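This report refers to the structure that appears directly beneath it.
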Amino acid sequence: MKKNILIVDDSPTLRASVNFVLTGGGYNVFQSENGEAGLKMLEDLRKKGERINLIISDVNMPKMNGLEFLRAVKDSKSLFKFIPVIILTTEREEILKQQGREYGAAGWMTKPFKPDLLLSIIKKFIR
Ligand SMILES: [Mg+2]
């Protein structure tokens, strides 16, 4: 069965290009435009009995940014805390990466992304 990946990014262009790569890699893709919508998507899918196997999230987004989203997903009381989250962002600052690690990010990739690299990182977490 196809594995489900959730892309959380406020850029429709970025979502479309990641979607293209992931569907080409055989994954089923869901998309949300910010952290708040991402949390709602996770909850809505859970209610339908669907589960997300991996999340790829931007950092800079309106309403709820990627680090706040990551923290909510990885909260000890969260039902989604075991889902690996890869951050995909233009941010390169070490302090943000460190915050990402503290909150439990599985990886940190910078844009523009290399499709092959993205797919190989995903394969480390999904089998
Ligand atoms: Mg953004």
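The values are calculated or read from the model by the stated rules, or taken from the named source; none is laboratory data. Everything quoted here is computed from the prediction, not taken from an experiment. Cβ sites come from the backbone with ideal geometry, for glycine too, and all protein chains shown count toward neighbours. Surface accessibility is based on the protein's heavy atoms, side chains included, excluding ligands, DNA and RNA. Shrake-Rupley method; radii C 1.70, N 1.55, O 1.52, S 1.80 Å.
A few comments on the model shown:
- Which listed residue is touching a residue at least 12 places away in the same chain (Cβ under 8 Å), open to solvent by 40 Å² or more (accessible area, probe 1.4 Å) and not small (Gly, Ala, Ser), from Glu68, Glu102, Glu94: Glu68
- Checked across the stretch 90-99, the condition of being closer than 16 Å to Ile5 by Cα, among the polar types (S, T, N, Q) and away from the ligand (no atom under 13 Å from the Cβ) holds for no residue.
- Hits in the stretch 1-46 - residues which are outside any loop (DSSP other than H, G, I, E, B), of a type in the set (D, E, K, R), open to solvent by 60 Å² or more (accessible area, probe 1.4 Å) and more than 16 Å from the ligand (Cβ to nearest atom): Lys40, Arg46
- Filter result (assigned to a helix (DSSP H, G or I) and either closer than 22 Å to Glu102 by Cα or in contact with a helix residue (DSSP H, G or I) (Cβ under 8 Å, 6 or more places away or on another chain) (or both)) within the stretch 47-80: Gly66, Leu67, Glu68, Phe69, Leu70, Arg71, Ala72, Val73
- Qualifying residue in the stretch 68-78 (condition: closer than 18 Å to Ser32 by Cα, within 16 Å of the ligand (Cβ to nearest atom) and of a type in the set (Asp, Glu)): yes
- Selection count where residues are out of contact with any helix residue (DSSP H, G or I) (no Cβ under 8 Å at 6 or more places or on another chain), surrounded by fewer than 17 Cβ atoms within 10 Å (Cβ to Cβ) and assigned to a helix (DSSP H, G or I), scope the stretch 111-124: 5
- Hey, Gly107 within 14 Å of the ligand (Cβ to nearest atom) and within 12 Å of the chain's Cα centre (by Cα) or not: no
- Tally of residues being within 15 Å of the ligand (Cβ to nearest atom) and either polar (S, T, N, Q) or more than 20 Å from Arg15 (Cα to Cα) (or both) across the stretch 47-66: 3
- Failed item, numbered, when Trp108 is tested on (1) under 19 Å from Phe125 (Cα atoms); (2) in contact (Cβ under 8 Å) with a residue 24 or more places away in the chain; (3) not in a helix (DSSP H, G or I): (2)
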